[in-house]
Amino acid sequence: MTVFFLMSGVFLGWSLGANDAANVFGTAVGTRMLRFRVAAVYCSIFIILGAMVSGGGAAHTLGKLGAINAIGGAFVVAMSAGISVYLMTLLHNPVSTSQAIVGAIIGWNLFSGNPTDYTSLTRIVITWVACPILSGIIAVILYVFITFMIRHTRINMFQQDSLTRSGLILAGIFGSYALGANNIANVMGVFIPVAPFPDVMLFGCIRFSSTQQLFFVGGIAIAAGVITYSRRVMMTVGRGIFELTPVAAFVVVTAQGLVLFIFASQRLSDLLVSHGLPAIPLVPVSSSQAIVGAVMGIAFLKGIRAIQWKTIGRIAAGWAVTPLIAAVICFVSLFFMQNVFEVQTYKPVACIQDTQGSGVHGSDVQGSGVHSSEVHGSEVHCSEVQGFNDQGLDSCAGRD
């Protein structure tokens, strides 16, 4: 049964690979500097490495947004996000997997009565806005610098072509690693609180944690999506928005990879904090938004008339409706899963926060669980009810 529940995460990973691989190698394939098969192999290998080595940072924020406490609920959340991404992939739209999983988590929160952490949600939404802007700025700076260097160095056409091809491969590798590190949280992050795997030791000295095992499975699923179904979306990104030169394609992929890496790197965030600077919010940002922002930055630099505004409008509309679609699919699916198939999709949690002196008391009975609370000052007391008939009761108390 556990393996069956994890299949929704595998499906979401496949959908992400089918869609988001376009964001790291789409410009190279679209400009015919790299064959699709070669791009798919490089992309698959380094997505798995990124997920395994650096995938933990962004997963923490999703856990705070909604701590899914039953594997049945995690199954529905991942499946709902995967269906949303797949629907957009059928339309050849580079959709945001981050938005799909966030919408699905909010759908689970609404169904279960679990409070949404609006601080985390606000942080995520801000990054959705900042991501394409930051990517566009980086792309413009890189493009101006590289074109300046090309003009003032004696490089013939064949040398430039060879360097650009090599640069596109390296940028795609870096972008693939960053995609795996940042977006594996979208694929398997909801399963971390209910991770079914025990920690294992490899060769007697390497600890392979439950989370790393989940990330490995997710990385394999993403790689499968890259190889089997990503070609059409690659062509949309590579040619549909703006006709890119090979040099511009290299710049776009590099800018996208940098943005994803910035929002996934725990070490970089810790380095800034150690020097008295603000920490970087470690959130799973949208690689689709990053790549589109970079392409738009180059397009504005070269001239607005060349931009395919219909394609931009279609992509933007997909971004707007994706979290709504995911939330609705998740809410409806949870209802059927719990009431028709009688699978537990959440463990009712009695937990509510009260402002100091306001004396708010409340109760909310859902299904077989009781949702009630009482908090004084900044203290939060919560109980997780396993069942309504005294089958088990876990209590906890914490402070904000």
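When we screen Val10, Val29, Val24 for residues that are part of a helix (DSSP H, G or I), closer than 30 Å to Asp161 by Cβ, β-branched (Val, Ile, Thr) and open to solvent by 10 Å² or more (accessible area, probe 1.4 Å), the only hit is Val29.
Just checking, does the stretch 128-138 include any residue being open to solvent by 40 Å² or more (accessible area, probe 1.4 Å), in a helix (DSSP H, G or I) and farther than 20 Å from Phe261 by Cα? Within the stretch 128-138 (the criterion being open to solvent by 40 Å² or more (accessible area, probe 1.4 Å), in a helix (DSSP H, G or I) and farther than 20 Å from Phe261 by Cα), the answer is no, since none of the residues qualifies. Applying the set (1) farther than 27 Å from Ile329 by Cα; (2) in contact with a Cys (Cβ under 8 Å, 6 or more places away or on another chain) to Leu134 leaves exactly one unmet item: (2). Residues that are surrounded by fewer than 16 Cβ atoms within 10 Å (Cβ to Cβ), touching a residue at least 24 places away in the same chain (Cβ under 8 Å) and out of contact with any strand residue (DSSP E or B) (no Cβ under 7 Å at 6 or more places or on another chain) are absent from the stretch 166-179 altogether.
Which one of the conditions (1) in a helix (DSSP H, G or I); (2) buried (at least 21 other Cβ atoms within 10 Å of the Cβ); (3) at pLDDT 85 or above; (4) hydrophobic (A, V, I, L, M, F, W, C) does Ile68 fail to meet, given that it meets all the rest? Only one criterion is unmet by Ile68, namely (1). The conditions of being farther than 24 Å from Ala100 by Cβ and in a loop (DSSP other than H, G, I, E, B) are not met by Phe174. When Asn93 is tested against the conditions (1) in a loop (DSSP other than H, G, I, E, B); (2) touching a strand residue (DSSP E or B) at 6+ places or on another chain (Cβ under 9 Å), the lone failure is (2). For the stretch 151-164, filtered to residues that are under 21 Å from Leu34 (Cα atoms) and assigned to a helix (DSSP H, G or I), the residue that is nearest to the chain's Cα centre (by Cα) is Thr164. Only one of the numbered conditions (1) without any contact (Cβ under 8 Å) to a residue 60 or more places away in the chain; (2) of a type in the set (A, V, I, L, M); (3) under 20 Å from Cys131 (Cα atoms) is not met by Ala59, and that is (1). Please determine whether any residue of the stretch 303-318 is open to solvent by 30 Å² or more (accessible area, probe 1.4 Å), within 25 Å of Ser80 (Cβ to Cβ), basic (Lys, Arg) and touching a residue at least 40 places away in the same chain (Cβ under 8 Å). Yes, the stretch 303-318 has at least one match. Can you pull out the residues in the stretch 267-302 that are free of Cβ contacts under 8 Å to residues at least 24 places away in the same chain and part of a loop (DSSP other than H, G, I, E, B)? Those that are free of Cβ contacts under 8 Å to residues at least 24 places away in the same chain and part of a loop (DSSP other than H, G, I, E, B): His275, Gly276, Leu277, Pro278, Ala279, Ile280.
The values are calculated or read from the model by the stated rules, or taken from the named source; none is laboratory data. Treat the numbers as computed from the prediction; the structure is a model and nothing was measured. Backbone-built Cβ (ideal geometry, glycine too); neighbour counts: all protein chains shown. Heads up: the accessible areas ignore ligands, DNA and RNA and are worked out on the full protein's heavy atoms, side chains in. Shrake-Rupley method; radii C 1.70, N 1.55, O 1.52, S 1.80 Å.
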